[in-house]
Amino acid sequence: MGNEKVLERFEQIVGKEFVQTEEAILQEYATDITGLRMVQKHFGWKSENLAQCIVKIHTKEEAVEAIQFLNQEKIVNVPRTGGSGVCLGLETPKGSVVLDLSEMNEILEINEQNLTVTTQAGVALERLENVLNKKGYTTGHFPQSLPLAQMGGLVATRSIGQFSTRYGGIEDLLVGIEGVLPDGQLVRIKNIPRKSTGPDLRHIWLGSEGTMGLITEVTVKIFPMAEDRCMQAYAIDSFHTGLAIIQEIVQAGWKPAVTRLHDQTEAAESYGPFMQAGESMLLFLSEGPKGYADLEGKAIQEIVEKHGARALGSKPLELWLAHRNDICEHLDMYAKQGAVADTCEISAMWSDIGKIYTEVLERAKKEVPHLVAITGHSSHSYEQGTNIYFMMGAMCAPQVEAAQKTYDQLFGIIMETTLKYNGSICHHHGVGRYRAKWMKEELGSAYPMLEKIKTAFDPNGIMNRGALLPVE
């Protein structure tokens, strides 16, 4: 079908004013905020693979009509809400259609008896949190993308927040979900605390990155706001000691909402006045009903002091709380200086995570020309293991191709080392298009299962083709 017919049909569905075709807007929607693209834009990068149009969806009925039409015509679409992705998951295939759900932004119900909130996919998390706080509640979900992220995208990317050790990831918060299948069928998975009625169908859309359908509505848990907090910071002799301390704390059954370990480079840069040479930093924030935070805080203190840690009080925690979401500004600053900079988060079991950290740093320092820095911190921990959030940067020639080469080298080292030690190549940012090339090795013998699910749900391949699963 010709472009004019496509535009005409979408104008019928959503109205002419909500179908955008201006090249500047198509360029804006052509990618996400991946660090690679941020620096390449400073070197003159522009997408050669623009969408046909941006379609602003306002209702579930419009979403159904749009998907039915796209499936009928076999036109690829890219679902989008807040646009805060960092793995090229929103990069538009040439001739595709972007379905922007950010106008579906109604908070539908706050249920104080069941402790749930139901929203449309385009509700901004920051706005939702503000509304809930005024009523004495919280989602407990605070990703770094909080100022940008919207509810549909958080579910689609299997997001996690900075208070996850207590509240869990988005998969732990999701109660019910509504969406449109690739054939245009509207489906609602009802709100239930738990059930034993076959596979959990919510997980078809959790982490699907828009490849299995279009999320229109979500119901998530809410929590009473904490009555007490206990904030503690400790200097320790090494990153590996910090890993051992966190392992002991979580395996003992304690769940401090914030559980962070910064290596010596990050500690010196972010908490310099508190640190001595070579020290790493541990941060703990406990919160909950009256009395809980102090109880947990004392237990943590006993464990940490056994390892010879140096207590620093609450000031480093206060500093972190004030600046915890500054990373996007830093990446843009580095990009303006011609540095290829980004973050990459992986996860592994306790038996392997320390090896990954050590080997990644050793390889990067040895193999990457003009390396500016590579650091790591752990921020999401479990009884079985933890994550490492690497931050890295290197200078390169001011050329799009040179930036790509440097970025590929940095990411390649992290991906290869993580897979070598049976870790996961992605903890919470999503796979997108960039990490899709490692998915066969990531999933191993389970990879055909994902392929078959994708083929069964989306036989025409219209849903965000190239994200999650590589295009052969």
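What the table shows:
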item	result
Mean Cβ neighbour count within 10 Å, used as a protection proxy, ranking 83-94, 299-310 highest first	83-94, 299-310
Rounded FRET efficiency, nearest 0.05, which uses the C-beta distance separating Glu269 from Ala311 and R0 of 22 Å	0.55
Estimated distance in nm for a label pair at Glu73 and Lys355, the labels positioned 7 Å out from Cα along Cα-to-Cβ	5.2 nm
Amide proton proximity set for Asp342, modelled H, under 5 Å, gap of 5+	Met392
Antiparallel DSSP beta bridges within the range 3-101, as percent of all bridges there, nearest 5	20 percent
Cut-off 15 Å (backbone N to label point 7 Å along Cα→Cβ of Lys5), residues of the range 78-108	none
Long-range HN-HN contacts of Glu217 with modeled amide H, under 5 Å	Ala121, Glu178
Nearest-ten-degree value, helix 239-251 long axis tilted from longest Cα axis of the chain	80 degrees
At R0 = 51 Å, FRET efficiency that the Cβ-Cβ distance of Tyr292 and Ala446 yields, to 0.05	0.85
Flagged links, alpha-carbon separation over 22 Å, of Lys420/Lys440; Lys74/Lys454; Lys255/Lys355; Lys5/Lys74; Lys5/Lys94	Lys255/Lys355
Cα gyration tensor shape of the range 28-127, rounded if a/c is under 1.5, else prolate or oblate by comparing a/b with b/c	oblate
For Arg158, Arg260, order by how many other beta-carbon atoms lie within 10 Å, fewest first	Arg158, Arg260
Gain in span if fully extended, Ser238 to Lys437, counting 0.36 nm per residue against the direct Cα distance	68.3 nm
Global geometry of the range 327-429, whether rounded, prolate or oblate, following the gyration tensor of its Cα atoms and the 1.5 cut on a/c	prolate
Nearest-0.05 FRET efficiency for Lys336 and Ile192, computed from C-beta distance (R0 41 Å)	0.25
Angle in degrees between helix 125-134 and the longest Cα principal axis of the chain, rounded to the nearest 10	70 degrees
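Read-outs throughout are calculated quantities, based only on the coordinates presented, and are distinct from any laboratory measurement. Just so it is clear, the structure is predicted and the values come from calculations on it, not from any experiment. Cβ atoms come from the backbone with ideal geometry, glycine included; neighbour counts cover every protein chain shown.
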